[in-house]
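Each remark here refers to the structure printed beneath this line.
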Amino acid sequence: MKKIKHIYLCIFSLSILGCSIDEVKPINQLTDENVIRDQESAQNALNGVYRQWRDFNTGFFPVLLAAEGNEGFITGSISGSTGMNLNEVDPDNEYLKSIYNNHYSIINQANIVIEKLENGSAVGIEESSKLQMLAQAKFNRALAYFNLLRNFGQFYDLGSNYGVVVRTTFSRDVLTQKRNTVQETYNQIIQDLEYAVINGPQNVKHYYGGSLAAKALLA
């Protein structure tokens, strides 16, 4: 019996020595390659784009800051609002940094939804569903770029070089890229919205980026 145990122990030891931790593959891990596989996973990824708008610093905080603009003044105090009504904003303001990064996070996730749907990764998806999902992803991307341009670019001057960085491909890396011009930024916004007007779902609830919402933003 001791001899058998010794043999099993030797086999186990050899199997451990011959195995590298780098060779162990996580079970059920979502990767860039398999995150969108069918209609259900594509819808889940699109829901993730929508969900990010619910973040406080993305959805609600900019509304509060608007009250500190030229047309209003808040008598109380909002964290991160110092200098907003005087145009003397600290460039290291963590809240503005969060607004900037959160919008690009929305864009990046919209990019992977668009990329995977366009290259056929969602197997078995109906064509009508695919077009509507693409339209919603592009609507969200356009809205994020519109907000970024209004907050961080010279949106009022079509001839300005100070638009925002436009990326239409998914990336896991933090990349440094020169700003696009204001005109180039608007071109991308308009292109996405025109697609969403034509292909977006009709008569959907107000919190979805349907055809009517795309038409309103385009106007």
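The values are calculated or read from the model by the stated rules, or taken from the named source; none is laboratory data. Note that the structure is a prediction, hence the values are computed from the model and not measured. For neighbour counting, all protein chains shown are included, and Cβ atoms are generated from backbone atoms with ideal geometry for every residue, glycine included. Each accessible area value is taken on the protein alone, full model and side chains, heavy atoms only, with ligands, DNA and RNA left out. Shrake-Rupley method; radii C 1.70, N 1.55, O 1.52, S 1.80 Å.
Could you tell me the ratio Rg/Rh of segment 163-219? Both radii from Cα atoms, Rh via Kirkwood.
Working: Rg = 14.0 Å, Rh = 12.9 Å.
Rg divided by Rh gives 1.08.
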In sequence order, calculated HN-Hα J values of segment 184-190 (Karplus, 6.51, -1.76, 1.60; Hz; x Gly/Pro): 5, 5, 5, 4, 5, 4, 5
Using θ = phi - 60° and Karplus 6.51 cos²θ - 1.76 cosθ + 1.60, couplings along segment 172-183 (whole Hz; Gly, Pro as x): 9, 9, 8, 10, 8, 9, 5, 4, 7, 6, 4, 4
Alpha-carbon radius of gyration plus Dmax, which is the widest Cα pair, for segment 109-219 in Å: 14.6, 45
Above-threshold pairs, the threshold being 24 Å between Cα atoms, out of K130/K205; K178/K215; K116/K178; K97/K205; K116/K138; K97/K130: K178/K215; K116/K178; K97/K205; K97/K130
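Looking at the calculated P(r) for segment 132-188, what percent of the C-alpha pair distances fall above 12 Å? Don't jump to the answer; show the numbers that get you there.
Numbers: 1052 of 1596 pairs.
Here the tail beyond 12 Å accounts for 66 percent of pairs.
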Label-point gap, in nm, between Q154 and L218 - each point 7 angstrom along Cα→Cβ: 2.9 nm
Accessible heavy-atom area order of L212, L46, highest first, probe of 1.4 Å: L212, L46
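Please report the carbon-and-sulfur percent of the accessible area for segment 110-194; probe 1.4 Å, protein heavy atoms only, DNA, RNA and ligands left out.
Working: 2060 of 4410 Å².
Ligands and nucleic acids excluded, carbon and sulfur reach 47 percent.
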Inter-probe distance in nm under a simple model that places probes 7 Å from Cα toward Cβ, at Q39 and E127: 1.5 nm
Gain upon complete extension [H206, K178; 0.36 nm per residue less C-alpha separation]: 6.6 nm
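Per residue, how much accessible area does segment 89-219 have with a 1.4 Å probe, in Å²?
Averaged over the residues of segment 89-219, the accessible area is 55 Å².
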